[in-house]
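Notes follow once the structure below has been shown.
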Amino acid sequence: MAHHHDHDNHDSESAFHLPRRPRRNRVTAAMRNLTRETELSPSDFILPLFIIDGTDLQEPIESMPGVSRLTPDRAVACAQEAQSLGIGAVALFPALPDSLKDKHATESKNAEGLLQRTIQKLKDEVPDVLVITDVAMDPYSSDGHDGLVEDGKILNDPTLEILAEMAISHAQAGADLVAPSDMMDGRVGVIRTALDDCGFTDTGILAYSAKYASAFYGPFRDALDSAPKSGDKKTYQMDPANRREAILEVQLDIEEGADIVMVKPALAYLDVIAEVRSVAEVPLAAYQVSGEYAMMKAAAAQGWLDEAAIFRETLTAIKRAGADMILTYAAPVVARELNG
Ligand code: PBG
């Protein structure tokens, strides 16, 4: 009996000759560690941060327990903490008052704007943490859409000009990667050309390539107060029913110059992640979005799920499906646990 702990599959009075016993590879923790196919690491994570103006303030977001809107100085502290945990990148989302929103998202290219100031501060104070910025009109738009709205329609090509200026402004402020999340046709190519024309050849593009019109974005829109004022996003974000179309979007973005492509949301789209992985030669990101986070936090708060275990399992599944990197609000919690 002394040698029996953890060998519970191997009873001595075995009755059958079974040459293949897959349980042999699971028999001890050491064996499971050796045979594990997918290893999660803090360096896989990108931490999304919501930014508000001011100093030394944080505003909890009700539908995202544990996540707050942070002033730029608090964002720096958060990025420093992330770095100490082994997380190498943050993705910024500014929350602006209605008074700064208009039809053309004018504030998005203000060199002294909240986002631009935050990028500069992060690059000054935590230079080794990658700064990724979202390129889309919604946080700055009085219509709450990712594109320019006219007579209830989202105009594609006029939006591209706005997005290009926005991306240049982010690059000027020091962003390492700009991440168009708008789903307009042709935006990656237009942004690449605009960046190159301005000398920003080292600024990368992380394209939200297969971004679905998902009900999982609700808490994010609470966080930024960025929900569409009318209509929905179904004429630009993808139909959740479609998989082949994701391949088309990814291929176009790669042809247009995307350095990294993304599938979003993550957990309900693991098949899309796997399929994109098999066709795309560039790195693949996945976004475990606000609704995924809220769902797991809510169940954990009830005591119905083990929070640490459920985040670890879902993030492992997203990586196993093929994602090289994952945007997740749970990054610090999971990183802390992985670091043991
Ligand atoms: C904005 C944007 C959204 C998210 C990331 N960038 C919301 C939307 O498209 O409505 C969602 C992220 C999340 O839910 O965590 N273009």
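Let me make sure I get this right: for region 173-256, a, b and c are the square roots of the gyration tensor eigenvalues over alpha carbons, sorted descending. Under 1.5 in a/c it's rounded, otherwise prolate if a/b > b/c, else oblate. Which is it?
Oblate shape, in that a/c is at least 1.5 and b/c is the bigger or equal ratio.
Report the local net charge at PRO228: Lys and Arg +1, Asp and Glu -1, summed over other residues whose C-beta lies under 12 Å from its C-beta.
-1
Taking Rh as the Kirkwood radius computed over C-alpha pairs, what is the Stokes-Einstein D of the chain at 10 °C in a medium of viscosity 1.306 mPa s, expressed in µm² per second?
This corresponds to a translational diffusion coefficient of 75 µm²/s.
Each residue of region 246-258 in turn: what ³J(HN,Hα) in whole Hz from Karplus with 6.51, -1.76, 1.60 and θ = phi - 60°, glycine and Pro shown as x?
Values per residue, Gly and Pro as x: 5, 5, 4, 4, 5, 4, 4, 5, 5, 4, 7, x, 5 Hz.
Which net charge results when you count Lys and Arg as +1 and Asp and Glu as -1 among the other residues whose beta-carbon is under 14 Å from that of THR328?
Once all neighbours under 14 Å are counted, the net charge is -1.
With a cut-off of at most 13 other beta carbons within 10 Å, and DSSP calling the residue loop, which GluC sites (Glu not before Pro) in region 28-84 qualify? Please list them.
Within region 28-84, the qualifying GluC sites (Glu not before Pro) (loop, at most 13 other Cβ atoms within 10 Å) are GLU37, GLU39, GLU62.
Need one number: nm distance between label points at SER99 and TRP304, each 7 Å from Cα along Cα→Cβ, rounded to one decimal.
4.2 nm
Percent antiparallel among DSSP beta bridges with both residues in region 96-240, to the nearest 5?
If we restrict to bridges inside region 96-240, about 25 percent are antiparallel.
Among the DSSP beta bridges whose two residues both lie in the chain, what percent are antiparallel, rounded to the nearest 5?
Bridges in the chain are about 15 percent antiparallel.
Could you put SER278, SER68, SER43, SER290 in order, starting from the residue whose Cβ has the fewest other Cβ atoms within 10 Å?
SER278, SER43, SER68, SER290
Skipping prolines and chain starts, which residues have an amide H placed within reach, meaning under 5 Å, of the one on MET262, given they are 5 or more residues away or on another chain?
ALA207, SER209, ALA210, ALA285
Please give the net charge around GLY186, taking every other residue with its beta carbon less than 9 angstrom from that of GLY186, where Lys and Arg add +1 and Asp and Glu add -1.
Net local charge, GLY186 excluded: -2.
Please turn the phi angles of region 113-124 into ³J(HN,Hα) values with the Karplus equation 6.51 cos²θ - 1.76 cosθ + 1.60 (θ = phi - 60°), one per residue in order, whole Hz, x for glycine and proline.
Those phi angles translate into x, 4, 5, 4, 5, 5, 4, 4, 5, 5, 5, 6 Hz.
Helix 290-301 sits at what angle to the longest principal axis of the chain, using alpha carbons and giving 0 to 90 degrees rounded to 10?
Compared with the principal axis, the helix lies near 50 degrees.
Antiparallel as a % of all DSSP beta bridges within region 56-155, to the nearest 5?
Values: 6 of 11 bridges.
Given both bridge residues lie in region 56-155, the antiparallel proportion sits at roughly 55 percent.
Considering only Cα-Cα distances, which of the following residue pairs are longer than 19 Å: LYS153/LYS234; LYS211/LYS233; LYS233/LYS264; LYS229/LYS264; LYS234/LYS264?
The answer is LYS229/LYS264.
Using helices alone, what [θ] at 222 nm do you get for the chain, with -39,500 (n - 2.57) per DSSP H run of 4 or more residues, divided over all residues and rounded to the nearest 500?
Mean residue ellipticity, 222 nm, calculated: -11500 deg cm²/dmol.
Given the C-alpha centroids of region 253-299 and region 179-241, what is the distance between them in whole angstrom?
13 Å
Read-outs: derived from the displayed coordinates by stated rules, not from any lab. This one's a predicted model, so the numbers in the text were calculated from it and none came from an experiment. So basically every Cβ, Gly included, is an ideal-geometry build from the backbone, and we count neighbours across all protein chains shown.
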